[in-house]
Amino acid sequence: MKVPNAPNNKVFLTGRHFQGVPTAAVIALKNPFLRVTVIDRDEFRIRRWNSAHLPISEPELDNIVRLARDGSKACSVGAVKSSLAQRIGARSSKISIPAREPNLTFTTASSKSIAEADMIFICVNTPTKTTGVGAGCATDMTAVEIVVKEIAVNAKTGAILVEKSTVPCRTAKLVQDILDTYRPRARFQVLSNPEFLSEGTAVENLLRPDRVIIGSSNTVPGRRAAAALAKIYTTWVDRSKILGTHVWSSELSKLVANAMLAQRISSINSISAICESTGADVHEVAKSIGLDPRIGSQFLKAGLGFGGSCFRKDIGSLVYLARSLGLHEVGDYWNQVLLINDLQRNRFARKVISRLNGTLIRKKITLLGFAFKKNTGDTRESVAIDIIKVLLEERPAEIAIFDPCCSVAAINSELDRLGNHDSLSVYTDPYQACLDVDAILIITDWDNFRMESTADHGNTKRPQSSIDLTSSTSTIMADRADRFFNLSNDQYLPEPPCPLDCPECAHSFPGFNIEEHLEWARISYHMKKPKLVFDGRSVLDAVEMEKLGIRVEALGKAERGFTLF
């Protein structure tokens with residue numbers, strides 16, 4: 001069958017999803033012949049997407065959004081020589097890049113934009129239900145239902161709908177039923193194209209994906225629609241990495257992938273509890289079993305467990321699916337992954353309380369890190385919240401919080417769910433947060449928190465890219481965009497100006513220089529004895545910290561003084 005052309009008019013992403021805009025931006029970057037529009041009903045978020053103050057923090061996303069949204073002038077950029085270039089003796093240090101027209105738009109005009117779209121990506125939040133049938137496990141499909149109804153009313157016949165949100169298996173039938181109800185004579189094709197992005201590396205995951213899964217119906221129109229979507233991806237993804245499946249297999253694959261990854265985290269964390277009681281070192285155990293090629297080393301790092309909006313939600317959805325099918329033992333198996341995850345952070349919090357003589361009264365505790373993982377400002381399902389809940393029960397004098405990327409407003413928004421607590425404080429200066437502290441807790445594995453003298457020194461800096469000088473000019477240009485080359489401000493076309501009363505400009509978050517490491521010697525000087533640091537992410541070298549007079553307590557290791565023989 002001849003592969004049809006991808007829609008050459010417009011591609012639209014509709015709704016609000018943390019990975020939706022990165023996907024839209026990369027599609028626009030790699031397909032300059034397409035017009036890509038992101039729709040969101042929230043005017044505040046759209047205003048921020050159309051400004052210098054993007055509403056989410058994702059490495060290099062700002063550069064790609066700027067290039068696709070605003071365009072750039074014709075210019076020459078310096079080339080970073082690769083080892084290949086050095087071997088062949090290439091001397092050219094400049095690459096010419098032609099002018100680029102903007103092709104990425106952000107708007108609240110949903111009806112008009114949907115009506116003009118050839119392909120519509122559904123990227124909306126699908127949280128876990130908090131009330132009703134399946135509360136705590138089932139997926140809340142409210143946003144999907146609302147968006148599909150709007151698409152049914154406004155979309156032109158023949159438009160292709162693409163599920164990007166993580167949804168339960170057989171959601172495509174739900175979407176098709178809604179379309180048939182509101183537009184019985186119209187013909188639409190529904191595809192499943194789950195994202196496999198990790199926050200903090202979403203742009204890299206999009207540019208160099210392990211696989212792209214496209215699920216469709218086993219019909220000629222369904223396969224044609226899948227081929228049209230594949231055509232868009234093939235502008236930068238090798239065809240061998242694009243996998244075609246049935247739509248229901250595609251939907252289920254995302255849930256299972258996240259469940260498998262989360263299972264590994266909970267598995268190694270369950271072993272960390274055994275290590276603490278036996279004197280074994282969980283990191284040595286993880287390294288040993290990780291060398292087994294049947295297991296591998298990925299996701300075998302003991303710590304505080306997983307947070308974020310994906311793993312908990314997707315495992316809950318899998319648990320609900322299994323139980324609704326009468327497979328209660330299967331549901332209980334996967335639910336245990338969640339229970340171990342909760343147990344790990346509770347063990348950590350109880351360990352802090354125990355080492356501080358069983359009480360936190362009149363004591364100051366500092367949490368370094370609030371984002372659920374490094375390289376993102378996402379505070380959803382933050383591990384810190386669960387730990388703070390336990391600590392608050394011990395009535396500490398203060399719980400100080402610092403994160404190098406999360407804004408004060410975002411952290412306070414999450415803390416509001418805990419009620420009014422005068423003891424909670426958010427700092428923009430880590431040294432003030434750690435002043436006169438009784439214990440410091442490492443919650444997020446930011447590279448900034450590592451000691452500068454360790455082998456990880458310099459890891460916070462973004463790596464320079466290499467260019468294959470044997471590639472064609474067009475490929476080289478694409479590779480420069482792939483590898484996040486930052487154009488200077490005068491090489492971009494003008495950025496949309498902020499209004500005079502822009503709140504982001506007026507209250508710019510000063511933050512912390514993400515290129516710098518904490519000065520632990522400075523922190524140690526102002527800590528109260530016995531100078532305890534509870535490392536929940538294994539980012540510190542206990543031996544080096546001991547030289548500064550700081551005692552490090554880590555998960556998966558026996559307390560100091562424990563001897564087996």
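The values are calculated or read from the model by the stated rules, or taken from the named source; none is laboratory data. Everything numeric in this text was worked out from a predicted model, so none of it was measured. Counting neighbours? That spans all protein chains shown, and the Cβs are built from the backbone with ideal geometry, glycine included. All accessible areas refer to the heavy atoms of the entire protein, side chains included, with ligands and DNA or RNA removed. Shrake-Rupley method; radii C 1.70, N 1.55, O 1.52, S 1.80 Å.
Of all residues in segment 51-65, which are farther than 21 Å from Pro499 by Cβ and open to solvent by 40 Å² or more (accessible area, probe 1.4 Å)?
Answer for segment 51-65, where residues must be farther than 21 Å from Pro499 by Cβ and open to solvent by 40 Å² or more (accessible area, probe 1.4 Å): just Ser57.
Any residue at all in segment 77-90 that's at pLDDT 90 or above and not polar (S, T, N, Q)?
No, every residue in segment 77-90 fails to be at pLDDT 90 or above and not polar (S, T, N, Q).
Residues that are polar (S, T, N, Q): find the helices (runs of 4 or more DSSP H) completely inside segment 321-417 holding 1 or more of those.
328-355, 408-415
Out of all the residues in segment 104-132, which are of a type outside the set (Gly, Ala, Ser), open to solvent by 10 Å² or more (accessible area, probe 1.4 Å) and more than 23 Å from the chain's Cα centre (by Cα)?
Matches in segment 104-132: Thr107, Thr108, Lys112, Glu116, Asp118, Thr131.
Condition first: under 20 Å from the mean Cα position of the chain (by Cα) and not in a helix (DSSP H, G or I). Now tell me which residues in segment 19-62 satisfy that.
Gln19, Val38, Asp40, His53, Leu54, Pro55, Ile56, Ser57, Glu58, Pro59, Glu60 - these are the residues of segment 19-62 that are under 20 Å from the mean Cα position of the chain (by Cα) and not in a helix (DSSP H, G or I).
Which condition number does Ala322 fail, the rest of (1) within 25 Å of Thr131 (Cβ to Cβ); (2) open to solvent by 30 Å² or more (accessible area, probe 1.4 Å) being met?
The failed condition is (2).
A quick yes/no check of all residues on (1) under 30 Å from Thr130 (Cβ atoms); (2) part of a loop (DSSP other than H, G, I, E, B); (3) over 19 Å from the mean Cα position of the chain (by Cα):
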position: Asn218; (1), (2), (3): no, yes, yes
position: Val256; (1), (2), (3): yes, no, no
position: Ile271; (1), (2), (3): no, no, yes
position: Ile289; (1), (2), (3): no, no, yes
position: Ile295; (1), (2), (3): no, yes, yes
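Please determine, by comparing only the residues of segment 525-544 that are more than 22 Å from Phe299 (Cβ to Cβ) and assigned to a loop (DSSP other than H, G, I, E, B), which one is most open to solvent (accessible area, probe 1.4 Å).
My answer is Lys529.
Gly136: open to solvent by 20 Å² or more (accessible area, probe 1.4 Å) and in contact (Cβ under 8 Å) with a residue 40 or more places away in the chain, yes or no?
Yes: the conditions hold for Gly136.
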